[in-house]
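The structure appears below as structure tokens.
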Amino acid sequence: MPKLSDPITIRGMTVKNRLGYPPMLTFSSDGRGAPSPRTFNVHRLKAQGGVGLITYENSGVDPMTGMGSASIGRDRVIPTYKELTDMVHSYGAKIGLQVGNGSLIGFSFANFLFNMNPGNPIGPSKVDLAEATSAYTLYDPTWPEKIKEKNFEMQVLSKEQIIALEDQFAAGAKRAVEAGFDYLDIHSGHGMLHASFLSPWLNKRTDEYGGSFENRCRFHTETIQKMREQIGEDVPIFVRFSADELVENGNRIEDGIEIAKALEKGGADCLDVTQGIIYRNPSGIEIPSYCKHGCFIRLADAIKKEVDIPVIGVGRIIDPAMADEFIREGKADIIYMGRQLICDPETPNKYFNGRADEIRHCMGCLQDCSRGCVQDVHGGQTYQELTPSKEPKKIIILGAGIAGLEAARVAKLRGHEVEVYEKTDTVGGLVKLLAAEYGKSDYMNSVNYSVSQLKKLGVRINFNKELTKDDIAKLNPDILVIATGSEATLPVKLKEKPNVITQDESILKSKTIGKDVVVWGLEVYWRGGLETCISLIEEGYNVKALVGPEKSLGETIKGRQGKRYWLLNYIKRKNVPVYKEAKLVDVTDKEVIFLDKNGVEQSIQADTLVHCGSRITNGKKLLEEFEGVASEIVLIGDASKPRDINSAIREAQNFAWKLK
């Protein structure tokens, strides 16, 4: 039985190992649709990190491009792409180009995320656009009205237009091979144009492109045939498709198996088995931390049993040991790691060379993964090499939360003398609270990595030590870093209410929580109670309502569609009443009283109000208290201003990076 480190040959192309990097959008292309220096950074890191296979992000085949999107639609981009493929090949990796037409995805993103009007989408059949993009109605109930107001409707493709699109794909494939790509990948997953022909709820055609599985795959097989005519017999053609669309009236795995057979018969050399439709169920694509690791490998496994060509498996796999196990068990021939290789591009080398304990693992936050990982501020598109400092300093850090730990780690790597003091007996600070909520234990991955690296670097963390000014003076630091975090607080009028508790107290269970609960705050941690609401329900509490002053639910994670969809869908399934634009009036021992968005007083019987969102810091107080104890005193993370883990890590790493 093969293992992850073994090579694999696909239509004559031999890949050095079975760990691949999937086509992840970076929006980093230049104005022509060609790779920019930022794009080169991304793929250089993956290639030198030891991955066997890299599939370049979805590229359009139309001459028109925009918004940083990749395109292979014109000859003039070939030289720049050739520089990229040569660079990847120099590290021994294979690289393929994914080609696709976004159609309804581009329409949805442009309207919802960027408030732009891209015109009507194209597709196989006339369908109700609001119904077809129902995920956006979950985010914004006015979405159907916006579709109607702008008179948007699906533009049905004629047979002549289908043939013209096939020719575009074939021409794009020819350019890709000229640019040095080792294989092509047709993007037919997640709701792309090719995917819409596979979907019974989008494809209502009665001609040769609709109806049976063979007919619904005809657009694919004709595209493959025309590509083959242009690129010759040696270059493999992959197809990425959603084997389970994760919607009731869509393709399920039983359908996916039949589609896989038809695609193999139609000339596909490898099947990349994905799942979900971004505008109906994105939680299968941007997979949130609430889903188990390897959660979708069952789909690849089911299809591999039915076809004779290689199958690629995906599904929030962050541990190469798990990937290795899946290969050995025969569940897939190749495993894609997307966000894990964004988090730590060196994952393959570390695993294959016996350094698995040095891997930094993805924590599933889904925060702007296209640019890089929040755990690695100077990686990804903006990669910079860490260099030794010219003027080593003695640095004392107060606080072993994520900001303090990361400041210590990077400063030590640059050659500074570093010591950390923590007033409690554990590390992690607020990240421990974050990770204690339902489905978020992986957030401790950031802390665990920092701690393991500090141990290797010989940086001491002193526990149960709350230093005074005299204590610090005796240590004689050049720089004092205050990373003492923040704590939850309550509005003055609620502080004396025994049945009103903070978000932190609800997580720690440091105060009594009654059976019936109202949660205040509609955003995500630490800005609101949406995730806390779900955690309390999972713990067995009866959440009577989710109430807050915000105009929308989870607006701060608008761009993280997989996570937001999962959260909002959970609230919908559990029938939790949500009151937006509310004003809290009073909390008695039996009820929570507030004004709804219409100014009407509402009363909900509850034992406890969990108040989420307000936090305070003592950072500035400590700054004044310790004045003069070091030539430089720095506030980072929540000690500077309560925000989130992204800001904490960014400030910590930037501090250490900018030291001379």
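Go through region 126-154 and count every residue that is within 15 Å of residue 204 (Cα to Cα), crowded, with 19+ Cβ neighbours inside 10 Å and not β-branched (Val, Ile, Thr).
The total comes to 3.
For residue 507, are the conditions met, namely being of a type outside the set (D, E, K, R), part of a strand (DSSP E or B) and in the same structural domain as residue 587 (by TED's automatic domain parsing)?
Considered against the rule, which asks whether it is of a type outside the set (D, E, K, R), part of a strand (DSSP E or B) and in the same structural domain as residue 587 (by TED's automatic domain parsing), residue 507 comes out as no.
Residue 376 - would you say it is at pLDDT below 95, of a type in the set (Asp, Glu) and not assigned by TED's automatic domain parsing to the domain that holds residue 50? Steps first, answer last, please.
On the way: at pLDDT below 95: no; of a type in the set (Asp, Glu): yes; not assigned by TED's automatic domain parsing to the domain that holds residue 50: yes.
For residue 376, the condition - at pLDDT below 95, of a type in the set (Asp, Glu) and not assigned by TED's automatic domain parsing to the domain that holds residue 50 - is not met.
Going through region 257-278 one residue at a time, which ones are surrounded by fewer than 23 Cβ atoms within 10 Å (Cβ to Cβ) and either among the hydroxyl-bearing types (Ser, Thr, Tyr) or part of a helix (DSSP H, G or I) (or both)?
Step one: list which residues in region 257-278 are surrounded by fewer than 23 Cβ atoms within 10 Å (Cβ to Cβ), which gives 257-258, 261-262, 264-267, 269.
Within region 257-278, 257, 258, 261, 262, 264, 265 meet the criteria.
Is there a residue being charged (D, E, K, R), surrounded by 18 or more Cβ atoms within 10 Å (Cβ to Cβ), touching a helix residue (DSSP H, G or I) at 6+ places or on another chain (Cβ under 8 Å) and more than 12 Å from residue 189 (Cα to Cα) anywhere in region 279-291? I'd like the intermediate steps shown before the answer.
Quick first cut of region 279-291, residues charged (D, E, K, R) only: 280, 286.
Still in the list and also surrounded by 18 or more Cβ atoms within 10 Å (Cβ to Cβ): 280, 286.
Narrowing the set further to residues that are touching a helix residue (DSSP H, G or I) at 6+ places or on another chain (Cβ under 8 Å) leaves 280, 286.
Imposing the further condition that a residue be more than 12 Å from residue 189 (Cα to Cα) reduces the set to 280, 286.
The answer is yes; a qualifying residue exists.
Among (1) farther than 26 Å from residue 496 by Cα; (2) surrounded by fewer than 14 Cβ atoms within 10 Å (Cβ to Cβ), which single condition is residue 585 missing?
Looking at each condition in turn, residue 585 falls short on (1).
Output the number of residues of region 506-530 satisfying the condition of being among the charged types (D, E, K, R) and either in contact (Cβ under 8 Å) with a residue 40 or more places away in the chain or touching a Leu at 6+ places or on another chain (Cβ under 9 Å) (or both).
4
Please verify whether residue 406 is among the acidic types (Asp, Glu), closer than 30 Å to residue 476 by Cα and touching a residue at least 12 places away in the same chain (Cβ under 8 Å), treating the condition exactly as stated. Spell out how you get there, then give the answer.
Details: among the acidic types (Asp, Glu): yes; closer than 30 Å to residue 476 by Cα: yes; touching a residue at least 12 places away in the same chain (Cβ under 8 Å): yes.
It is true that residue 406 is among the acidic types (Asp, Glu), closer than 30 Å to residue 476 by Cα and touching a residue at least 12 places away in the same chain (Cβ under 8 Å).
Of the residues in region 57-81, how many are hydroxyl-bearing (Ser, Thr, Tyr) and at pLDDT below 95?
Just the residues of region 57-81 that are hydroxyl-bearing (Ser, Thr, Tyr), to begin with: 59, 65, 69, 71, 80-81.
Remaining after also requiring at pLDDT below 95: 65, 69.
Here the count works out to 2.
Limited to region 605-625, what total is found for residues that are in a strand (DSSP E or B) and not hydrophobic (A, V, I, L, M, F, W, C)? It would help to see each step written out before you state the result.
Filtering region 605-625 for residues in a strand (DSSP E or B) gives 605, 608-611, 615-616.
Retained after the next criterion (residues that are not hydrophobic (A, V, I, L, M, F, W, C)): 605, 608, 611, 615.
Going through region 605-625 one residue at a time, the tally reaches 4.
Is it the case that region 515-526 has a residue that's surrounded by fewer than 18 Cβ atoms within 10 Å (Cβ to Cβ) and on the phi > 0 side of the Ramachandran plot?
Within region 515-526, none of the residues are surrounded by fewer than 18 Cβ atoms within 10 Å (Cβ to Cβ) and on the phi > 0 side of the Ramachandran plot.
Can you pull out every residue in region 295-305 that is assigned to a loop (DSSP other than H, G, I, E, B) and either more than 20 Å from residue 260 (Cβ to Cβ) or in contact with an Asp or Glu (Cβ under 9 Å, 6 or more places away or on another chain) (or both)? Quick ask: steps written out before the conclusion?
The initial filter retains those residues of region 295-305 that are assigned to a loop (DSSP other than H, G, I, E, B), namely 295-296, 305.
Result: 296, single match.
Against the condition of a type outside the set (D, E, K, R) and at positive phi, how does residue 554 come out, does it pass?
It is true that residue 554 is of a type outside the set (D, E, K, R) and at positive phi.
Starting from region 440-459, take each residue that is closer than 17 Å to residue 366 by Cα and list its partners that are of a type in the set (Asp, Glu), counting only C-beta distances under 9 angstrom and pairs at least six apart or across chains.
Pairs that qualify, where the first residue is closer than 17 Å to residue 366 by Cα and the partner is of a type in the set (Asp, Glu), are 440/531; 443/437; 446/406.
Consider region 192-221. How many of its residues are out of contact with any Pro (no Cβ under 9 Å at 6 or more places or on another chain) and over 21 Å from residue 54 (Cβ atoms)?
Step one: of region 192-221, the residues out of contact with any Pro (no Cβ under 9 Å at 6 or more places or on another chain) are 192, 194-195, 198, 200-201, 206-208, 211-215, 217-218, 220-221.
Applying the additional criterion that residues be over 21 Å from residue 54 (Cβ atoms) yields 194-195, 198, 200-201, 206-208, 211-215, 217-218, 220-221.
Result for region 192-221: 17.
Please pick out the residue among 393, 331, 350 that is touching a Leu at 6+ places or on another chain (Cβ under 7 Å) and of a type in the set (Lys, Arg). Write out each step before concluding.
Details: 331 fails: touching a Leu at 6+ places or on another chain (Cβ under 7 Å); 350 fails: touching a Leu at 6+ places or on another chain (Cβ under 7 Å).
After ruling out the rest, the residue left standing is 393.
Quick one: would you say residue 572 is surrounded by 20 or more Cβ atoms within 10 Å (Cβ to Cβ), assigned to a helix (DSSP H, G or I) and in contact (Cβ under 8 Å) with a residue 60 or more places away in the chain?
Values: surrounded by 20 or more Cβ atoms within 10 Å (Cβ to Cβ): no; assigned to a helix (DSSP H, G or I): yes; in contact (Cβ under 8 Å) with a residue 60 or more places away in the chain: yes.
Taking the combined requirement at face value, the residue does not satisfy it.
Of all helices (runs of 4 or more DSSP H) completely enclosed by region 151-238, which ones contain at least 3 residues that are among the basic types (Lys, Arg) and modelled with pLDDT of 95 or more?
Numbers: elements: 159-178, 193-198, 213-216, 218-231.
In region 151-238, 159-178, 218-231 are the helices (runs of 4 or more DSSP H) which contain 3 or more residues that are among the basic types (Lys, Arg) and modelled with pLDDT of 95 or more.
Within region 48-71, does at least one residue satisfy the condition of being of a type in the set (D, E, K, R), over 18 Å from residue 180 (Cα atoms) and in a loop (DSSP other than H, G, I, E, B)?
The first filter runs over region 48-71 and keeps only residues of a type in the set (D, E, K, R), leaving 57, 62.
From what is left, the residues that are over 18 Å from residue 180 (Cα atoms) are 62.
Restricting the remaining residues to those that are in a loop (DSSP other than H, G, I, E, B) gives 62.
Within region 48-71, one or more residues are of a type in the set (D, E, K, R), over 18 Å from residue 180 (Cα atoms) and in a loop (DSSP other than H, G, I, E, B).
Residues being part of a helix (DSSP H, G or I), aliphatic (A, V, I, L, M) and under 30 Å from residue 295 (Cβ atoms): count how many of those fall in region 397-446. Explain how you work it out, then say what you get.
Residues of region 397-446 part of a helix (DSSP H, G or I): 402-413, 430-436, 441-446.
So of that shortlist, the ones also aliphatic (A, V, I, L, M) come out as 402-403, 405, 407-408, 410-411, 413, 430-431, 433-436, 444.
Remaining after also requiring under 30 Å from residue 295 (Cβ atoms): 402, 405, 430-431, 433-436, 444.
Count: 9.
Pick from 33, 20: which is at pLDDT 95 or above, surrounded by 24 or more Cβ atoms within 10 Å (Cβ to Cβ), in contact with a Gly (Cβ under 9 Å, 6 or more places away or on another chain) and assigned to a loop (DSSP other than H, G, I, E, B)? It would help to see each step written out before you state the result.
Numbers: 20 fails: assigned to a loop (DSSP other than H, G, I, E, B).
The match here is 33.
Within region 643-655, can you find the residues that are in contact with a Phe, Trp or Tyr (Cβ under 8 Å, 6 or more places away or on another chain) and crowded, with 23+ Cβ neighbours inside 10 Å?
Hit for region 643-655 is 645, nothing else.
With (1) surrounded by 13 or more Cβ atoms within 10 Å (Cβ to Cβ); (2) within 15 Å of residue 521 (Cα to Cα); (3) not small (Gly, Ala, Ser) as the list, and residue 591 as the residue in question, which single condition is left unmet?
The one condition residue 591 does not meet is (2).
Residues 564, 650: which one is in a helix (DSSP H, G or I), over 30 Å from residue 423 (Cβ atoms) and of a type outside the set (A, V, I, L, M, F, W, C)? Please lay out each step first, then the result.
On the way: 650 fails: over 30 Å from residue 423 (Cβ atoms).
It is 564.
Quickly run through region 46-69 and pick out the residues that are crowded, with 19+ Cβ neighbours inside 10 Å and either among the hydrophobic types (A, V, I, L, M, F, W, C) or without any contact (Cβ under 8 Å) to a residue 12 or more places away in the chain (or both). Don't jump to the end; show me each part of the working.
Taking region 46-69 first, the residues crowded, with 19+ Cβ neighbours inside 10 Å are 46-47, 49-61, 65, 69.
Selection gives 47, 51, 53, 54, 61.
Residues that are over 13 Å from residue 294 (Cβ atoms) and over 20 Å from the mean Cα position of the chain (by Cα): list the helices (runs of 4 or more DSSP H) wholly contained in region 312-391 that include at least 3 such residues.
On the way: elements: 320-328, 339-343, 347-352.
Hits in region 312-391: 347-352.
Of the conditions (1) touching a His at 6+ places or on another chain (Cβ under 7 Å); (2) outside any loop (DSSP other than H, G, I, E, B), residue 490 clears all except one; give me its number.
(2)
Table: residues versus (1) within 28 Å of residue 449 (Cβ to Cβ); (2) in contact with a Gly (Cβ under 9 Å, 6 or more places away or on another chain); (3) touching a residue at least 60 places away in the same chain (Cβ under 8 Å).
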site: 300; (1), (2), (3): no, yes, no
site: 303; (1), (2), (3): no, yes, yes
site: 317; (1), (2), (3): yes, yes, no
site: 345; (1), (2), (3): yes, yes, yes
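Testing residue 172 on (1) touching a strand residue (DSSP E or B) at 6+ places or on another chain (Cβ under 7 Å); (2) over 16 Å from residue 102 (Cβ atoms), one condition comes back false. Which one is that?
Condition not satisfied by residue 172: (2).
Got a number for residues in region 107-144 being assigned to a loop (DSSP other than H, G, I, E, B) and within 10 Å of residue 279 (Cα to Cα)?
Within region 107-144, the first condition is being assigned to a loop (DSSP other than H, G, I, E, B), and the residues that meet it are 113-121, 124-128, 133-134, 140-142.
Those still in the list that are within 10 Å of residue 279 (Cα to Cα) too: 133-134.
Total meeting the criteria: 2.
The values are calculated or read from the model by the stated rules, or taken from the named source; none is laboratory data. Everything numeric in this text was worked out from a predicted model, so none of it was measured. In this analysis, Cβ positions are derived from the backbone assuming ideal geometry, glycine residues included, and neighbour counts consider all displayed protein chains.
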